[in-house]
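Below: one structure, written as structure tokens.
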Amino acid sequence: MKRTLALGGVAAGLLASAAIAAPAHADSVPAVNLANTNFAAQQVAAFWYGQAKANLINATPYTVETTVPTKHVSTGGASADTKAGVVGSSGDQKAASGSLKNVNLPKTTGKVFFIGADGKPHWCSATSVQSQYKNLVATAGHCVYDTKSNATTLDKWVFIPGYYEGKTPWGIYVGKTAYTHYDYSVYEDGDRDYAFVTVYNGVVPTEGGTSGGKYESRVYHNKWDAYRAKRKLQADKTTGYSKLEVVEVNKLSRFGKETAVSVADFQAWNKGRNLTGNGPWTPGTSASEAKEISKNEYRSWKDSYVSKDGKTLYWRTKVQAPAAAASASPSPSASAQAQGNKWQGNNWGHRDQGHFEYKYFSRTFTAKVITGYKVVGLKLSIGLKDVGTLGSNVGGQGLAYNQKIGTGIFEFGYPSGSHPDGNYAFSGKTQKWAYGKTFKASAPSLKAEELVGIKSSFTGEGSIGSAWLYRYSNAKRLGYLNGVTIAVSDTDGNNRIDTNVSPYFDGETLGVYKAAAANWSGKIV
């Protein structure tokens, strides 16, 4: 589902704000655990590193609450609630201008990966932010909270700075706790659509790599119980599972109904027994009489095979050819006799073989069974080693709040997808940048009347969560985080995205940041 971005008038904004019953409370910052134990965090890392990083590589941009093109105005909107200020980054910097021809991209920018409401892997843009314990990531609130299914937080959440096509140059940082504004977690207020997430120390696989084993649940009597068990496994933050699916199984029971069963099931119930023989078979199971078939009905060069539906066994046996047929065969040449071969009808054979032919058979199987369902898949485990804190490896951007409208901003992220006219502008594989000056905006459909916008061609897929950096230093690749992209818009109706919007970072944003920045995460290995 894409929520329409209606950058609209002040009257609509006032109506939307009137629906918000309670004011924001910066001193009451909701905090939700993403992976609250070391074991849980290890399993999350295993999920993304396992199977040759298949889940990372197959992840797609998160498209929930991006946008469709709409008209906007730049009146009304955001205003400062206290004096302007900044929280220092991991390095001091001077203001940079928007006239730079070559911009050195920050090491702090990366992608956050998670499982969406559709059960599939997705990603948003994000950035590392300076904090006391060098463990903080900032992104859009709806890249942490599942606003589509209202299932609280998105599952298996990790941050990977500098991610590129499966490469994790500084490791994977598993999310520990997410911090948001009260109005966002309770009311989904778009004016507060940002999140600060503490992450554990980064990890990379040890030389032993990844491993895992097959998972099979118990047998459930009905399909719905099995699907309920599958959803529970997917939501479990203490384990790592992959390729989970519900399959139909037959359980042998003397109270069951006589049913045609697969060759594999019959073999499992009759271990060590020759299925081409005459039994005896395990009580409750039975095999049909061996049915002789023609050579044309036999579809293999092998001595036995199973039909595509798995329910019929085919096999062939050698039998001695009739003597009359053998005597009627022409005599071999003298040269053939000299070479030690024996002429066998129309075939050449070795001296120690007699003349033979094949007979072909088929057989099906039944059993007294109760049909059930179980969940199968892979349970992942992995050898990991610690690579240190996020801030120690890539640094951290500072934080700017209550800045005046009209301030120059650099935007960094991984835009992906096409413009409304179908032009595929960005691949999402590499980090991109844009520059613009902020202006006031509103989006009542997002319950957002106090936003800021910049002119940017970043398309919505992938760009959500992109960092807005104030006073970005091209030399140090650091600045002050002053916004995160939450939606994009075509404001002039030409079917090309031209505007990105962010919550206005004010004193209440500072309060959420401080609550998150004061918390330690630690190691997972």
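Look through R273, R299, R254 and report the one residue that is assigned to a strand (DSSP E or B), charged (D, E, K, R) and more than 29 Å from A54 (Cβ to Cβ).
R254
Quick check on my filter: what residues within region 143-161 are modelled with pLDDT of 95 or more and either open to solvent by 30 Å² or more (accessible area, probe 1.4 Å) or of a type in the set (F, W, Y) (or both)?
Residues satisfying the conditions are W157, F159.
Does D193 count as in contact with a Gly (Cβ under 9 Å, 6 or more places away or on another chain) and either at pLDDT 95 or above or at negative phi (or both)?
Judged against the criteria, D193 is a match.
Taking the condition part of a helix (DSSP H, G or I) and either in contact with a Pro (Cβ under 6 Å, 6 or more places away or on another chain) or not small (G, A, S) (or both), does G511 pass?
no
Name the residues in region 204-261 that are open to solvent by less than 60 Å² (accessible area, probe 1.4 Å), of a type in the set (G, A, S) and either over 24 Å from G116 (Cβ atoms) or modelled with pLDDT of 80 or more (or both), would you?
G209, G213, S217, A226, A229, S253, G256, A260
Quick check on my filter: what residues within region 426-445 are surrounded by fewer than 19 Cβ atoms within 10 Å (Cβ to Cβ), assigned to a strand (DSSP E or B) and under 23 Å from the mean Cα position of the chain (by Cα)?
If the condition is that a residue be surrounded by fewer than 19 Cβ atoms within 10 Å (Cβ to Cβ), assigned to a strand (DSSP E or B) and under 23 Å from the mean Cα position of the chain (by Cα), then S427 is the only one that fits.
Are any residues in region 461-482 open to solvent by less than 10 Å² (accessible area, probe 1.4 Å) and on the phi < 0 side of the Ramachandran plot, and if so, which ones?
S463, I464, S466, A467, W468, L469, Y472, G479, L481
Could you please find all residues in region 446-499 being assigned to a loop (DSSP other than H, G, I, E, B), β-branched (V, I, T) and over 28 Å from the mean Cα position of the chain (by Cα)?
Step one: filter region 446-499 for residues assigned to a loop (DSSP other than H, G, I, E, B), giving 447, 456-459, 464-466, 474-477, 485-486, 490-498.
In the following step, the residues that additionally are β-branched (V, I, T) were identified as 459, 464, 485-486, 491, 497.
Residue satisfying the conditions is T491 alone.
For region 274-312, what are the residues that are loosely packed, with under 15 Cβ neighbours inside 10 Å and among the charged types (D, E, K, R)?
Within region 274-312, E289, K291, E292, K295, E297, R299, K302, D303, K308, D309 meet the criteria.
On the given criteria, is N341 at pLDDT below 95 and open to solvent by 50 Å² or more (accessible area, probe 1.4 Å)? Give the steps one after another, and end with the answer.
Working: at pLDDT below 95: yes; open to solvent by 50 Å² or more (accessible area, probe 1.4 Å): yes.
Considered against the rule, which asks whether it is at pLDDT below 95 and open to solvent by 50 Å² or more (accessible area, probe 1.4 Å), N341 comes out as yes.
For region 162-170, check the following and say yes or no: at least one residue is surrounded by 17 or more Cβ atoms within 10 Å (Cβ to Cβ) and not in a loop (DSSP other than H, G, I, E, B).
no
Do any residues in region 473-488 that are within 12 Å of G398 (Cβ to Cβ) have Cβ atoms under 6 Å from those of residues that are open to solvent by 20 Å² or more (accessible area, probe 1.4 Å) and outside any loop (DSSP other than H, G, I, E, B), where the two are at least six apart or on different chains, and which pairs are they?
Taking only residues 6 or more apart or on different chains, the pairs are G479/Y470; G479/R471; Y480/V86; Y480/Y470; Y480/R471; N482/Y470.
Test G396 against the criterion of being over 20 Å from V129 (Cβ atoms), out of contact with any His (no Cβ under 8 Å at 6 or more places or on another chain) and open to solvent by less than 40 Å² (accessible area, probe 1.4 Å), and give yes or no.
Here the answer is no, as G396 does not meet what is asked.
The values are calculated or read from the model by the stated rules, or taken from the named source; none is laboratory data. No experiment lies behind these values; they were computed from the predicted model shown. Here Cβ is always computed from backbone atoms with ideal geometry, including for glycine, and neighbour counts include all displayed protein chains. Just the protein is used for accessible areas: all its heavy atoms, side chains included, with ligands, DNA and RNA removed. Shrake-Rupley method; radii C 1.70, N 1.55, O 1.52, S 1.80 Å.
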